[in-house]
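Here the structure comes first, spelled out in structure tokens, and everything after it is commentary.
The values are calculated or read from the model by the stated rules, or taken from the named source; none is laboratory data. Being a predicted model, the structure only gives us computed values, none of them experimental. Heads up, the Cβs are rebuilt from the backbone with ideal geometry, glycines too, and the neighbour counts pull from every protein chain shown. Just so you know, the surface numbers come from the protein's heavy atoms only, side chains and all, with ligands and any DNA or RNA stripped out. Shrake-Rupley method; radii C 1.70, N 1.55, O 1.52, S 1.80 Å.
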Amino acid sequence: MRFSRRDLLAGAAGLLAPFPALAQTRRQQQQEPIISTYARALPVLAEHGMVVSQEERASRVGVEIMRAGGNAVDAAIATGFALAVTLPRAGNIGGGGFMVVHLAREKKSIAIDYREMAGGLTTPSVFLDGRGEFEPEKSQSSGLGVGVPGTVAGFALAREKYGSGKFTLAELLAPAIALARDGIEIDADLADSLPQAAARLGRYPSSKAIFLREDGTAPKRGERLVQTDLAGTLSSIAREGPRGFYEGEVARKIVAAANEAGGRMTLDDMKTYSAVERPVVRGSYRGREIVSMPPPSSGGVHVIEILNILEGYDLGELGHNSADALHLIAEASKLAFADRAAHLGDPDFVRVPVAGLVSKKYAEALRAAISTQRARPSSEISPGKPQPYESDQTTHFSVVDGEGNAVANTYTLNFSYGLGLVAAGTGVLLNNELDDFAARENAPNAYGLLGGAANAPGPRKRPLSSMSPTLVFRDGELEIVTGSPGGSRIISIALQIILNIVDFNLNAAEATEAPRIHHQWMPDQIDFERGLSIDTLRILESRGHKLRPTRAFGSAQTIHRVRGVLMGAADSRQRGTGAVGY
Ligand code: DON
């Protein structure tokens with residue numbers, strides 16, 4: 001028997017059954033196995049419910065809520081509050097994010113935007129110096145970079161409208177309050193991340209008192225982290241609802257802290273903040289439906305734009321992480337990121353041509369300019385013209401319950417521990433999210449992203465994000481829930497998780513562990529993780545790509561659902577992650 005190139009590649013990629021002829025016989029004998037015997041990494045399996053998050057204790061909190069009768073939304077909220085305690089570098093109530101919810105019975109998907117918002121006194125030149133130059137210090141290391149936090153409003157809205165109704169906000173907060181009040185054992189992840197952030201945390205006595213020792217060094221693994229003030233703030237929310245955060249003592253302390261650090265936040269900014277529901281952005285890919293986060297995230301739009309371009313190629317035939325496949329991913333990504341810089345911003349302020357950017361026709365036009373053999377220099381690429389709109393921290397968690405309801409949630413303080421500033425007396429770490437604005441044309445932000453007028457700072461505007469909480473459906477059934485942190489790379493990570501499962505038939509764990517690449521148009525280079533073969537890299541170089549080895553990136557938390565079985569994969573690139581199910 002001679003095997004075709006496709007058969008061999010499929011075997012190498014770990015298809016359910018590597019050779020069609022054998023697969024045929026096997027299917028006749030028994031039902032196709034859900035996980036290939038060729039698998040090199042195995043997902044966690046569950047039947048009734050699963051939470052995959054970056055911190056296992058928080059995953060357990062969510063699973064307990066489902067065991068007690070809660071739905072995926074209840075579990076997501078309890079997990080999200082718990083992460084604010086157990087993963088303080090990214091879990092938060094002082095930051096913001098996005099939640100994509102799917103309700104199985106109603107067959108309805110909703111996007112909740114609880115992105116931080118610039119205060120009412122923000123001006124377009126807020127991050128520039130006297131000569132009009134961008135001063136990153138202002139957006140990244142001062143109170144000017146602090147956006148009005150959105151997490152508490154977002155979670156409260158999600159519970160009220162889409163929770164099971166069996167749990168009060170106070171009940172969903174209770175596990176987090178206990179963890180903060182009683183303290184948690186410092187695990188390997190905290191013991192790693194605290195020393196890295198010690199300089200930034202140490203600048204503020206209020207932060208140092210909680211996260212560092214008196215001499216300014218970080219506590220070690222096995223010691224306890226007690227967050228009494230945070231327990232107090234969470235309790236205030238439990239008693240009074242969001243008003244316990246956005247008004248009164250807690251709000252006063254947050255505003256005072258941001259302004260003492262150079263910001264211009266007002267009590268009115270806090271009081272008037274609201275989370276909003278937005279229509280999800282939808283696309284399709286090889287017969288699946290993709291549902292993701294719309295602006296002010298660029299994530300969903302560009303994951304779909306890149307998928308649309310790639311749909312024109314038989315990636316499965318080219319082979320997983322082959323030079324041919326990676327070349328096309330990089331070429332498609334460049335085009336999407338060029339569009340991001342020009343067209344994306346807060347839809348409450350600018351017209352974002354979402355429909356044009358995610359249209360198949362537009363992708364066709366972009367695809368026509370791609371050479372399968374030569375890298376096109378980024379300098380020759382400018383943003384496209386879609387049809388106008390007619391018609392080192394962030395963390396992601398994925399939740400699915402027994403009825404097929406799902407939550408993909410990504411939220412963030414931007415940098416690890418945000419600005420590093422705890423608002424004194426609240427235990428709340430404040431974000432530096434406003435660095436995600438384009439301070440001015442051609443001034444890259446912390447992730448090297450460019451932007452223009454559409455994403456200029458402005459009063460009550462939400463900065464553009466790359467966060468990509470995403471759901472994939474097959475024949476109307478929920479199939480994949482995924483997302484990741486990683487700044488601009490988030491888009492590439494969500495994209496490659498989907499490609500790895502859909503095109504290359506990897507299971508969720510293999511899809512997560514596989515080495516990743518990233519290209520964001522500018523700078524003109526492919527960032528690649530360790531694990532790609534040197535042969536592949538040489539071929540890419542010979543096609544004109546610049547290659548840059550990079551530290552492992554992201555922390556994808558994925559649930560893959562096949563015939564009702566939940567297969568969870570928590571990214572092993574970070575310590576302490578956990579896929580927990582029952
Ligand atoms: O919203 C965004 O796109 C960024 N603020 C996310 C930051 C991030 O993912 C950092 N984590 N690695």
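The table below lists the values:
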| quantity | calculated |
| --- | --- |
| Over 28 Å between alpha carbons, listed pairs LYS108/LYS361; LYS107/LYS166; LYS138/LYS220; LYS208/LYS253 | LYS138/LYS220 |
| For peptides 220-229, 56-65, sequence by mean Cβ density within 10 Å, most packed first | 56-65, 220-229 |
| Förster-model FRET efficiency, 22 Å R0, GLU240 and ALA68, C-beta, rounded to 0.05 | 0.35 |
| Furthest towards positive pole of dipole, LEU212, GLY202, VAL255, structure part region 176-263, Cβ charges | VAL255 |
| Cα coordinate range in the chain, projected on the principal axes (Å, largest first) | 75, 57, 49 |
| Simple spin-label estimate for ILE539 and ARG551 in nanometres, 7 Å along Cα-Cβ | 3.1 |
| Accessible area, probe 1.4 Å, largest first, for residues LYS161, LYS360, LYS138 | LYS161, LYS360, LYS138 |
| Inter-label distance, nm, simple model (7 Å from Cα along the C-beta direction), ALA443/ALA365 | 3.2 |
| Amide H contacts of LEU506 (H built 1.01 Å from N, under 5 Å, at least 5 apart or other chain) | ILE501 |
| Efficiency of FRET between GLN387 and GLU133 - r from beta-carbon atoms, R0 35 angstrom, step 0.05 | 0.45 |
| Backbone HN-Hα couplings from phi across region 43-60 [Karplus 6.51/-1.76/1.60, Hz, Gly and Pro as x] | x, 7, 9, 7, 10, 9, x, 8, 10, 10, 9, 7, 9, 4, 4, 5, 4, 5 |
| Qualifying aspartates and glutamates (Cα of each under 13 Å from Cα of LYS461; at least 8 residues distant if same chain) | ASP113, GLU116, ASP269, ASP346, ASP348, GLU433, ASP435, ASP436 |
| Separation of the GLU47 and ALA188 label points, Cα + 7 Å toward Cβ, nm | 3.2 |
| Cα-based reach from LYS161 at 12 Å (exclusive), listing aspartates and glutamates while leaving out same-chain residues under 8 positions away | ASP74, GLU277 |
| Relative counts (whole %) of C-alpha pair distances in region 248-301, using bins that are 10 Å wide | 21, 27, 21, 19, 10, 1 |
| Charge dipole magnitude, Cβ of K and R +1, D and E -1 - the chain, Cα centre, debye nearest 20 | 580 |
| Region 460-563 shape via C-alpha gyration tensor axes, a/c threshold 1.5 | oblate |
| Amide hydrogen neighbours beyond the local backbone of LEU421, cut-off 5 Å, H modeled | LEU430 |
| Sequence-distant residues sharing a close amide H with MET117 (under 5 Å, placed H) | VAL148 |
| Charge dipole (debye, nearest 20) of region 200-272; +1 at Cβ of Lys and Arg, -1 at Cβ of Asp and Glu | 280 |
| Residue-averaged 222 nm ellipticity for the chain, from DSSP H runs of 4+ at -39500 (n - 2.57), nearest 500 | -11000 deg cm²/dmol |
| Region 350-494: C-alpha gyration tensor shape, a/c 1.5 cut-off, then a/b vs b/c | oblate |
| Where GLU185, GLU513 fall by accessible area, highest first, once all protein chains stay in place (1.4 Å) | GLU185, GLU513 |
| Sequence-distant lysines (8 or more away, or on other chains) whose Cα lies within less than 23 Å of LYS546 | LYS334 |
| Note, ³J(HN,Hα) from phi for region 219-230, Karplus 6.51, -1.76, 1.60, rounded to Hz, x at Gly and Pro | x, 9, 3, x, 6, 10, 10, 9, 10, 4, 5, 5 |
